[in-house]
C-alpha cells in the first residue's frame, strides 16, 4: 500500500505554501495551490482543513481557505479569494470563481457557478444554479456596481436558477427551479418564475406525501431539540 500511496501522491501537483489538515484525502490527479495570474508559486497561502475529501481532476488555487470536513466531486474549480467554512460539500464540475464566502454546512450541487457570492450557513444550492456578477457584460467597472448576491441562512435555491448581481435571498426562503431572480426575496418566502415573484411563504407549503405536516417543519423541530 505504501508504494501505491506514493504513486497516487506523485500524480497530484501540490504547490508550495499549502497546508493540508490531518486525514485529508486528495484523489489524483488534482492541482492544489495553483498560483493565480501574476503571482508566484507559494506567494499566497492555501489552507485545507482536516478530513477533507477532494476528488480527481479538481483544481484549488492559492489564496483559498477551506475548513474541516470539506468534500467535493470530480472536476471542481475553486479560484483564489474563496473562504469556505466547515462541513461544506461541492458537487461535480462546480466552479467557484473569485471572492466567494461560503458558510458552514452548505451544499452546492453539480454544475453550479458562483462569483463574489456570500452563502450563509445551511444554504442548499441545487444543480446548475448560476450566480451572475455583471448586469451588462462586460462593463469595465462591474466590480464597483452591485456586487455579488447574498443568500441568507437556511435558504434553498432550486435547480437551474439564475440569480442576478446584488440580490439578497432572505433566511429560509425557497426559490423554485428554473427561476430568474432579479430582485430581493424576503425571508421565508417562496419565489418562482421569470422574473421570480413571491407566490406564498414557507408556512403555506403542503407536504404532498403526507409524511410531514408541511415541508421544512423538520428544520424547526431540529432547532427546538
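Values in this text are rule-based calculations from the coordinates and carry no lab data. Computed from a predicted model, the values in this text were never measured in an experiment. Glycine gets a Cβ as well: all are built from the backbone with ideal geometry, and neighbour counts include every protein chain shown.
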Angle between the Cα long axis of helix 2-11 and the longest principal axis of the chain, 0 to 90 degrees, nearest 10? 70 degrees
Could you tell me the calculated FRET efficiency between residue 141 and residue 105, based on Cβ-Cβ distance and R0 = 35 angstrom, to the nearest 0.05? 0.50
Sum -39500 (n - 2.57) across every DSSP H segment of at least 4 residues in the chain, then divide by the residue count to get the 222 nm mean residue ellipticity, nearest 500. -2500 deg cm²/dmol
Can you compute the label reach from residue 45? Point 7 Å from Cα along the Cβ direction, backbone N cut-off under 18 Å, restricted to the stretch 76-91. 80-86
Highest average packing first - 110-117, 204-211, Cβ atoms within 10 Å: 110-117, 204-211
Suppose a student asked you for the relative contact order of the chain, using Cα pairs under 8 Å spaced at least 6 residues apart; what percent would you report? 9 percent
Provide the packing ranking of 184-194, 84-94, i.e. peptides ordered by the mean count of other C-beta atoms within 10 Å per residue, highest first. 84-94, 184-194
The stretch 1-98: relative contact order as a whole-number percent, Cα under 8 Å and 6+ apart: 21 percent
Which residue fluctuates most in the GNM of the chain (Cα springs below 10 Å): 202, 102, 78? 202
Explain nothing, just the number: relative contact order of the stretch 165-225, from Cα pairs under 8 Å at least 6 residues apart, as a whole percent. 23 percent
Go through 122-133, 172-183, 37-48 and give me the packing order, highest mean Cβ count within 10 Å leading. 122-133, 172-183, 37-48
